[in-house]
Amino acid sequence: MAGANRVAAAGVYEKHKQPFLDTVPGATSKELLVRDEDVQVLHGFQTMADAKAYRASARRRVRR
């Protein structure tokens, strides 16, 4: 990922981190992983059920 795009990705991450932690049931963390080959966001949850519920809700949002 180009340097300018990494800066943009970090901005999006910062904008959405706290709202995610404040509103998603069971959310405990959201971390940005920047590597030479890609950028990933790692989400942490209290339980596996919380993680699965978030994943299912994210899939429903994408399909709309």
Exercise. How long is the gain from Gln40 to Ala8 if the chain were fully straight, where each residue apart is worth 0.36 nm and the alpha carbon distance is subtracted?
Worked result: 10.2 nm
For this session: Evaluate the charge dipole of the chain about its Cα centre and quote only its size in Debye, nearest 20, assuming +1 on the Cβ of each Lys and Arg and -1 on the Cβ of each Asp and Glu.
Result: 480 debye
For this session: Please identify every one of the GluC sites (Glu not before Pro) in the chain that sits in a loop by DSSP and has no more than 10 other beta carbons within 10 Å of its own beta carbon.
Result: Glu37
Exercise. List the aspartates and glutamates whose alpha-carbon lies under 16 Å from that of Lys15, not counting same-chain residues fewer than 8 positions away?
Worked result: Glu31
Seminar exercise, completed: Relative contact order in percent for the range 1-42 (Cα pairs under 8 Å, 6+ apart) equals 38 percent
Problem set entry | Dipole of the chain, positive direction: furthest Cα of Gln18, Tyr54, Ala4, with charges on the beta-carbon | Tyr54
Exercise. For helix 48-63, what angle does its Cα long axis make with the longest principal axis of the chain, in degrees from 0 to 90 and rounded to 10?
Worked result: 70 degrees
For this session: Give me the lysines in straight-line cross-link reach of Lys52: C-alpha distance below 23 Å, same-chain residues under 8 apart excluded.
Result: Lys17, Lys30
Exercise. Given C-alpha coordinates of the chain, what is the ratio Rg to Rh with the Kirkwood estimate of Rh?
Worked result: 1.01
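Computed from the coordinates by the stated procedures, all read-outs in this text should not be read as laboratory data. In this text, all values refer to a predicted model and were calculated from it rather than measured experimentally. Virtual Cβ from ideal backbone geometry, glycine too; neighbours counted across all protein chains shown.
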